[in-house]
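Read-outs throughout are calculated quantities, based only on the coordinates presented, and are distinct from any laboratory measurement. Worth saying up front: this structure is predicted, and the values here are computed from it rather than measured. Note: ideal-geometry Cβ built from the backbone for every residue, glycine included; neighbour counts use all protein chains shown.
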Amino acid sequence: MKKIAIQGEKGSFHDIAAHQYFEGEQVELICCSTFEQVFEHIKREPTAVGVVAIENTIAGSLLHNYELLRESGSVVVGEYKLHIKHSVCCLPDEDWADISEVHSHPVALAQCRNFLSEHPDIKAVEAEDTAGSAAYIAKHKKYGWAAICSSYAAKLYGMKVLQEDIHDNKHNYTRFLVVCNPHEVARFSCEGKHNKASLVFSLPHEEGSLSKVLTILSFYDINLTKIQSLPIVGHEWEYLFYVDVTFSNMERFRQGIDAITPLVKNIKILGEYESC
């Protein structure tokens, strides 16, 4: 039985991602209200694993989660990309004419703007969680309320799906990271299949410092797939660079990291894992 800490309720997209990543395995979900609690739980219970959203094709990167990952000392052992599909649901004995409010996470509401504009009489209300909205409506019998969530969450809480696929952009994907305690890495990763890594480092405030690093990575056949910069608090105009790279040869990857280490500051490999 794998214990998996997620942000959100059962039926959330974190729940779906966790079950699909660990498909065929017994899973016990630990539902946390914040991402901070996810990483705290991994510290308290080292055998637990976390599934954490890191970026969305529409909303962009979850910048705070990069900081939490680095500060927690957790290690990335996998990733999963989930196709996000939103549905609108209500209590079983209600229909469109009964709905006056729709509740969901602000990101989900933003991803369904066209749907909301087509229903101007329905008030959009921000909530902490997509599945949590459905769970609250079902538990408290909130007549006149609807929730935007996954159809899986709607069925889980006995809600009626009024309409599926209400999101504006059908190419809506969220990338999740699978993270664990550094002492448990061997349980969750298979080194022979590693072809991706996540790094973080800072750079000296010198002209061309980033381009030198990228040139070296290219020389060692290391492909840059993402770069995200975040300011270093208390250090004006200095940044941490979070970088995802892919490679086909682990030895070349190691050589590349050794080659850039003298050119950067505070380099840390956040995880080596198999690309999905």
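For Cα extents along the principal axes in Å, the choices are [x] 56, 37, 34; [y] 65, 42, 34; [z] 66, 46, 35; which was calculated from the structure?
Matching entry in [x] 56, 37, 34; [y] 65, 42, 34; [z] 66, 46, 35: [y].
Can you give the FRET efficiency for LYS85 and ASP258, using 1/(1 + (r/R0)^6), R0 = 45 Å, r = Cβ-Cβ distance, to the nearest 0.05?
0.55
To the nearest 20 Debye, how big is the dipole of the chain about its Cα centre, given +1 on the beta carbon of each Lys and Arg and -1 on that of each Asp and Glu?
Using Cβ point charges on Lys, Arg, Asp and Glu, the chain gives about 460 debye.
What number do you get for the stretch 87-163 when its Cα radius of gyration is normalised by 2.2 N^0.38 Å, N = residues?
0.93
So in the chain, what percent of DSSP beta bridges are antiparallel if you round to the nearest 5?
Antiparallel bridges: around 75 percent, rounded to the nearest 5.
Among ASP15, ASP258, ASP244, determine the one that fluctuates most according to a GNM of the chain built with springs between C-alpha atoms less than 10 Å apart.
ASP258
DSSP beta bridges in the stretch 1-141, what fraction antiparallel, as a percent rounded to 5?
The answer is about 15 percent antiparallel.
Once R0 is set to 30 Å, what does the formula 1/(1 + (r/R0)^6) return for the Cβ-Cβ distance between TRP237 and GLN163, expressed as a FRET efficiency to the nearest 0.05?
0.05
Using only Cα atoms, find the angle between the long axis of helix 130-140 and the longest principal axis of the chain, and express it within 0 to 90 degrees, rounded to the nearest 10.
The angle comes out at about 30 degrees.
For the chain, set up a GNM with springs between Cα atoms under 10 Å and report which of GLU79, GLU207, GLU128 has the largest fluctuation.
GLU207
In straight Cα distance, which lysines are under 19 Å from LYS212, not counting same-chain residues fewer than 8 positions off?
LYS226, LYS265, LYS268
Given springs between every Cα pair under 10 Å in a Gaussian network model of the chain, which of ILE148, ILE137, ILE216 has the largest fluctuation?
ILE216
I need CYS149, CYS31 ordered by Cβ neighbour count within 10 Å, fewest first.
So the residues, fewest neighbours to most, are CYS31, CYS149.
Where the only charges are on Cβ atoms (+1 Lys, Arg; -1 Asp, Glu), what is the dipole of the stretch 191-273 about its Cα centre, to the nearest 20 debye?
220 debye
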